[in-house]
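The values are calculated or read from the model by the stated rules, or taken from the named source; none is laboratory data. Please read all numbers here as calculations on a predicted model, not as lab measurements. Here the Cβ is made from the backbone with ideal geometry for all residues, glycine too, and neighbour counts use every protein chain on show. Accessible surface is based on the protein model in full, side chains and every heavy atom, while ligands, DNA and RNA are left aside. Shrake-Rupley method; radii C 1.70, N 1.55, O 1.52, S 1.80 Å.
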Amino acid sequence: MSNNSISSCTYVGSTPVFRFISILYINQTPLHANSPQQKLSLKPLSFISFFLNMPIFPFLVTLISCLFLLISPPEVFGYSISEIRSWCSQTPHPESCESVLAGKPNYGPVTQKPDFIKALVKVTLERAADAESNTRGLGPKCRNNLEKAAWEDCLALYENMVWRINMTADPNRVCSQNEMQTWLSTALTNLETCKSGFEELKVGGYMLPLMNNNVSNLISNTLAMNKGGSPSLENEPRYRKGFPNWVKSGDRKLLQSSNPGSQANSVVAQDGSGNFKTIGAAVAAAKSGGGRYVIYVKAGIYNEYVQIGSGLKNIMIIGDGIGKTIITGSKSVGGGSTSFNSATFAVDGDGFMGRGITIRNTAGPQNEQAVALRSGSDLSVFYQCSFEGYQDTLYVLSNRQFYKQCDIYGTVDFIFGNAAVVLQNCNIYARDPPNKTNTLTAQGRTDPNQNTGISIHNCRVTGVSSLSGVKTFLGRPWKQYSRTVYLKTYLDGIVNPAGWMPWSGNFALDTLYYGEYMNTGPGSSTANRVNWKGYRVITSAAEAGKFTVGSFIAGGSWLPATGVAYTSGL
């Protein structure tokens, strides 16, 4: 019997017996028939004559296959329509949910929310992998260097997206609700970042439609279902000796050591006194795996672009101090790069730590977005570092990050991105902008269930000595659900009485979350602040506490190990 007759039994929604009988009618004619009319004849055929004329092995294969389908439970075909609609109706994008689950193989019975979340993650991972494969094949369609530059960013971002989703689906990994929400938030941020690159370079009209997919909706659905779907981290220890608990004791000692270079695995020195003369060469030789890998970079000005990929984990770069070990570059959107790729120093490998280094982008205030540091490293720490630029200086792209005793210089949106990030005891310096308006932050949260935002705690906001006649705002909403808070921070008189600036008209004014809690200084008065639905003066310590190191970035589970002192609560 033909292959078509066997596979016909597996169609969903048809009765296998009727299909089997129809097969018998269609295949009744002897194989030696010559005329087309004879071959297409559909005369009635008895089962006995069929048995006598049909080879026994193909018959038995077909019969067994069809009987198996008859006695198997309905789940073998996938989830029922009523089951799919019942669960998908709880998501923000039910149509996308139904379309991908309909007809899919069963991922196991869905009786509780965790079962449904597991099914969503699996199907989202499948679609994300398809989208990544499609994007990878679009290279030859790039018509110019700008399209190619944005497309190359997307390759890296899509690959990282698939990797992050896979981390939540890995059966060999114990994944907390907070971790799952973090990595899914990152996956969604990567999609948005890919799109932003084309828009920045004004070349999205041709390529972006070719990359159209529904992965954003699927991630959004999973974020919505996972939020609150598992026990929270509220009762876990949060801080130890001034750092979140996820900082290991050995790392904390390294960060606070008076001579951290003595424990380096490799040394970078321009005069040849180390193992390498460039940071890039040291990174290329670094080994990721067992423990912390320390690269000591001696004082000097290193004019190079440093990238630490996602495959390099637990790397630490230690310099001789702010203004002594300097890494500098000058890429910018004005110069043909995307914001993503303009970074002088870019790190994606998880567990990164930096201490005593200055990272600069010297493109200048006229060249639009020009990033000094871009970090997508989960559980990363920067201690006593300086980031110097103008527009878009510090790109806190994604994942959980902590900055302690750092200096950040810039003009427009110079602390931006969609990480869950806490800046503690940092100095934030506004510089002279080209249009007489500064905005300190531009947070990029695109989904209400992303656990992301910028928390500025016990910091100091002021201007460089030359700043004059400039309006300076605490932030503006880059994306729909932008979220930024200032907690117990000194705000100098440079801060405009309105406090916050709109992005464009009424965009995001009702859906953002901007808060101020117990700030001090001449710019801290909230009497004349904006009257937006999304803005609030926080009066509750419990509400403010949600944005501390302990609560917002689960600092108690990872920071103590780094050795960096931190304040867990308010």
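Data for the structure
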read-out: Residue 150 surrounded by 13 or more Cβ atoms within 10 Å (Cβ to Cβ), farther than 27 Å from residue 343 by Cβ and touching a Phe, Trp or Tyr at 6+ places or on another chain (Cβ under 8 Å); value: no
read-out: Residue tally, condition open to solvent by less than 20 Å² (accessible area, probe 1.4 Å) and free of Cβ contacts under 8 Å to residues at least 60 places away in the same chain, over region 189-202; value: 3
read-out: Condition met for residue 402 (more than 30 Å from residue 180 (Cβ to Cβ) and either of a type in the set (S, T, N, Q) or touching a Phe, Trp or Tyr at 6+ places or on another chain (Cβ under 8 Å) (or both)); value: no
read-out: Restricting region 160-188 to residues that are hydroxyl-bearing (Ser, Thr, Tyr) and open to solvent by 10 Å² or more (accessible area, probe 1.4 Å), the residue that is farthest from residue 556 (Cα to Cα); value: 168
read-out: Which numbered condition residue 414 misses (of (1) part of a loop (DSSP other than H, G, I, E, B); (2) more than 19 Å from the chain's Cα centre (by Cα); (3) not β-branched (Val, Ile, Thr)); value: (1)
read-out: Test for residue 208: is it in contact (Cβ under 8 Å) with a residue 60 or more places away in the chain and open to solvent by less than 70 Å² (accessible area, probe 1.4 Å); value: no
read-out: Odd one out for residue 406, checked against (1) within 24 Å of residue 377 (Cα to Cα); (2) touching a residue at least 40 places away in the same chain (Cβ under 8 Å); value: (2)
read-out: Scope region 482-492; condition in a loop (DSSP other than H, G, I, E, B) and open to solvent by 50 Å² or more (accessible area, probe 1.4 Å); matching residues; value: 488
read-out: Residues satisfying the stated conditions in region 545-570, i.e. open to solvent by less than 20 Å² (accessible area, probe 1.4 Å), among the aliphatic types (A, V, I, L, M) and touching a His at 6+ places or on another chain (Cβ under 9 Å); value: 549
read-out: Whichever residue in region 323-368 is farther than 17 Å from residue 309 by Cα and part of a helix (DSSP H, G or I) and, among such residues, is most open to solvent (accessible area, probe 1.4 Å); value: 366
read-out: Which listed residue is assigned to a loop (DSSP other than H, G, I, E, B), basic (Lys, Arg) and open to solvent by 60 Å² or more (accessible area, probe 1.4 Å), from 479, 533; value: 533
read-out: In region 107-146, the residues that are farther than 21 Å from residue 162 by Cβ, surrounded by 15 or more Cβ atoms within 10 Å (Cβ to Cβ) and in contact with a Phe, Trp or Tyr (Cβ under 8 Å, 6 or more places away or on another chain); value: 110, 116, 142
read-out: Tally, over region 285-307, of residues that are open to solvent by 40 Å² or more (accessible area, probe 1.4 Å), in contact with a Phe, Trp or Tyr (Cβ under 9 Å, 6 or more places away or on another chain) and not in a strand (DSSP E or B); value: 3
read-out: Residues being loosely packed, with under 13 Cβ neighbours inside 10 Å and hydrophobic (A, V, I, L, M, F, W, C) - total across region 513-530; value: 1
read-out: Restricting region 450-476 to residues that are open to solvent by 30 Å² or more (accessible area, probe 1.4 Å) and not charged (D, E, K, R), the residue that is nearest to residue 409 (Cα to Cα); value: 464
read-out: Which numbered condition residue 371 misses (of (1) outside any strand (DSSP E or B); (2) open to solvent by less than 10 Å² (accessible area, probe 1.4 Å); (3) farther than 23 Å from residue 268 by Cβ); value: (3)
read-out: Among residues of region 479-495, those that are free of Cβ contacts under 8 Å to residues at least 40 places away in the same chain and either under 25 Å from the mean Cα position of the chain (by Cα) or over 18 Å from residue 443 (Cβ atoms) (or both), counted; value: 6
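Conditions tested, residue by residue: (1) without any contact (Cβ under 8 Å) to a residue 12 or more places away in the chain; (2) open to solvent by less than 10 Å² (accessible area, probe 1.4 Å); (3) within 21 Å of residue 555 (Cα to Cα); (4) of a type in the set (Val, Ile, Thr).
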| residue | (1), (2), (3), (4) |
| --- | --- |
| 380 | no, yes, yes, no |
| 389 | no, yes, no, no |
| 422 | no, yes, yes, yes |
| 430 | no, yes, no, no |
| 436 | no, no, no, no |
| 441 | no, yes, no, yes |
